[in-house]
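Some notes on the structure that comes next.
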Amino acid sequence: MNQVSMTSALSTGQTSVAGASITAQAITKTYGEGPAAFHALGPIDLDIKPGEFVSLIGPSGCGKSTTLLLASGLEPLSSGTLEVDGKPLTRPLSEVGIVFQDHLLLDFRTALDNVMLQQEIRGLDKAVIRERADMLFDRLGLKGAQKKYPRQLSGGMRQRVSIARALVHDPSMLLMDEPFGALDAITRTQIRHDLEMLWLETRKTVLFITHSIEEAVGLSDRVLVMSTSPGRIIEEIKIDLPRPRPAHLGEYPEFSAYAEKIYSIFAKLGVYKF
Amino acid sequence: MSEQALSTPQTERSPLWYRLDRLRSSFAGSAVLGLLAIAALLGLWEWLATLYNVPLWLVPKPSNFLGRLVSDWQMIGGHAIATSITIVEGFALGVLIAVPLALAIAAIPALERGLYPVIVFLNIMPKTVIGPILIVWFGIGPLVAALIVFLMCFFPILVDAMSGFKAVDKRLFYISRTMGANEWQSFWKFRLPAAMPHIFSGMKIGVVKAVEGVIVAEFIASNRGLGFMVMQASAFMDISLMFAGLVAAAIVALFFNGAMSVAERVLMPWSRAGH
Ligand SMILES: Nc1ncnc2c1ncn2[C@@H]1O[C@H](COP(=O)(O)OP(=O)(O)OP(=O)(O)O)[C@@H](O)[C@H]1O
Ligand SMILES: [Mg+2]
């Protein structure tokens, strides 16, 4: 009952209700020019459906963050084509929320004001966004943290505020670059669950970058495994597990089978040297 | 050692020491302690000078020069105000030029490569050397003193503001761009406040330099202000007025440093918010 009313409140957004699709063909990225040029990524293809939760996992430096920057239009492609909702990307997406490994909150704004920045800059309706912000604060376990400055919050709470900032304008796509990478294991498990519950209600398209096999399997519909640099997608694994997924994934044989599969790919790649 | 001793935090001190520490850390407390220390020092000075009968023209007693501060308050106050105005002018000019320039330099790499050597050169050059040149151009007066003050405080503000603007995380711009922020919003809402702590620490150094520099500037290049007054008193061998000028200069310095602290608290409440 409560769940249902939350759902409608969370998705009575302005422009979009469902997630966006991302399709990419043979995209590559080369940083720099001439002799200093560095081929960082690809070519890779992506076909992410509206409302899908897709994780990108791969060795350090393989181009995961680069992929995210390309998919959001923040960095130009070096070659290939990329479409969001069927339209080629020509400038940075705005129907999007981004969360990085560091919270990147502004020290000089309270938690709420950090989130409301979305409203200020986009010129959205203040009352509507304020209501959504309070809702997200509740849902993300941030009750009462509205007026606190980031330095008054714990690392986990800051990251939660940063997730609220990425969702408050009801974007159709959520891009996350190792969002839980800097958190302790307990916080990570909780915040993973909270994110999954939010996603189940809103079904935004999520591109989630991680180093953690547990996170990838615990959250995704699909896991894309990347090779060492320059990264290519070498394996696509559909995760057929019921949701919401449990906290202690390791205890479930189905989970272990998926995790084992990813480990073995990494082992073949030579990511692990034991 | 017993287990209990090991687990006792080392912060434990005697209650008196703790209370003194609390007093020291509170603003009013530190002011009271400071005043007490100064009063004790002046008392000792007065006592020694009377005891050994030190002649007034050599070292005045505190009662002499503090007396001058009272009896000549109009003249000294006038000069103190002139000095303050010079500080404000020079400092404001410094901030108004240094901050935008720092932003431009941080944003345009070519500008940095071109301008940085010039800035470093101008920075290491003793600023008072320019005084006589400025006198030739503008004549003796507070304007020249203000320009010297400007040069004194300009560089620390520029350098800190530059590092402030550069230290802003690139991924913050990614976030601002997905929000659709224009250049103006990106400056006002992200860059400037994010660089503010750096700019402020530059401004604090700048104010110290300004209150230090203004007296020297008035020695050489002004016909008003405390520096000028002390020079004049020196010409007349009026040593108690010179000491009074010194005290007045210290009060002006104290005032400006205090004003900076207040401005910091007002403009950057987050930097003081405790846990
Ligand atoms: N702006 C840039 N200029 C030049 N090279 C870059 C730039 N950004 C990234 N690279 C390089 O491109 C490669 C891929 O970087 P990217 O950040 O996408 O890796 P990643 O997979 O996210 O790594 P990690 O897991 O460590 O975050 C790296 O070798 C990196 O050094
Ligand atoms: Mg990365």
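No lab work stands behind these numbers, since they all come straight from the coordinates. Computed from a predicted structure; not experimentally measured. Note: ideal-geometry Cβ built from the backbone for every residue, glycine included; neighbour counts use all protein chains shown.
Observations on the structure shown:
- C-alpha long axis of helix A:2-11 to longest principal axis of chain A, angle in °: 70
- Axial C-alpha extent at least 30 Å, average Kyte-Doolittle at least 0.5 - helices from chain B (DSSP): B:27-51, B:73-107, B:142-166, B:192-221, B:239-267
- Stretch gain in nm, segment B:Asn257-B:Gln232, where the contour uses 0.36 nm per residue and the Cα spacing is subtracted: 6.3 nm
- Cα convex hull of region A:88-234, projected area averaged across orientations, nm²: 9.9
- Shielding of B:191-197 by partner chains, average beta-carbon count, 10 Å: 2
- Part-to-part distance (alpha-carbon centres) for region B:120-149 and region A:201-274, which is given in Å: 67
- Largest GNM mean-square fluctuation among A:Pro253, A:Pro59, A:Pro92, using chain A with Cα springs under 10 Å: A:Pro253.
- Net charge contributed by nearby residues that have their C-beta within less than 9 Å of A:Arg245 (K/R +1, D/E -1): +1
- In this label model, A:Glu251 and A:Ser264 are separated by 2.6 nm, measuring between points 7 Å along each Cα→Cβ vector.
- Given charges at beta-carbon only (K, R positive; D, E negative), |dipole| of chain B in Debye: 640
- Nearest 10 degrees, 0 to 90: helix A:185-202 Cα axis against chain A principal axis: 80
- Between B:Tyr116 and B:Tyr52, the FRET efficiency from the beta-carbon distance, with R0 = 60 Å, is close to 0.60.
- Scattering from chain B was approximated by placing one identical point on each alpha carbon and applying the Debye formula without solvent; log10 I(q)/I(0) at 0.09 1/Å stands at -0.62.
- Basic side chains Lys and Arg get +1 at the Cβ, acidic Asp and Glu get -1 at the Cβ, and with that the dipole of region B:127-233 about its Cα centre reaches some 400 debye.
- In summary, the convex hull built on the alpha carbon positions of region B:173-221 has an orientation-averaged projected area of 4.6 nm².
- Put simply, chain A fits an ellipsoid with semi-axes of 29, 23, 18 Å; these come from the alpha carbon gyration tensor as the roots of five times its eigenvalues, largest first.
- Local net charge near A:Ile129, Cβ-Cβ under 14 Å (Lys/Arg +1, Asp/Glu -1): -1
- Qualifying chymotrypsin sites (Phe, Trp or Tyr not before Pro) in region B:158-258, where qualification requires a DSSP coil assignment and no more than 10 other C-beta atoms within 10 Å, comprise B:Phe236.
- Considering only the Cα atoms of the protein assembly as shown, their convex hull presents on average a projected area of 38.1 nm².
- Sorting B:32-42, B:151-161 by average packing, meaning the other beta carbons within 10 Å per residue, from highest down gives B:151-161, B:32-42.
- Free of any trypsin sites (Lys or Arg not before Pro) that DSSP assigns to a loop and that have at most 16 other C-beta atoms within 10 Å, the longest stretch within chain A is A:1-142.
- Compared with the direct C-alpha span, the chain from A:Arg151 to A:Met135 gains 3.5 nm at full extension, assuming 0.36 nm per residue.
- Around A:Arg188: net Lys/Arg minus Asp/Glu count, Cβ-Cβ under 13 Å: -4
- Other protein chain C-beta atoms within 10 Å of residue C-beta, averaged over A:98-105: 3.
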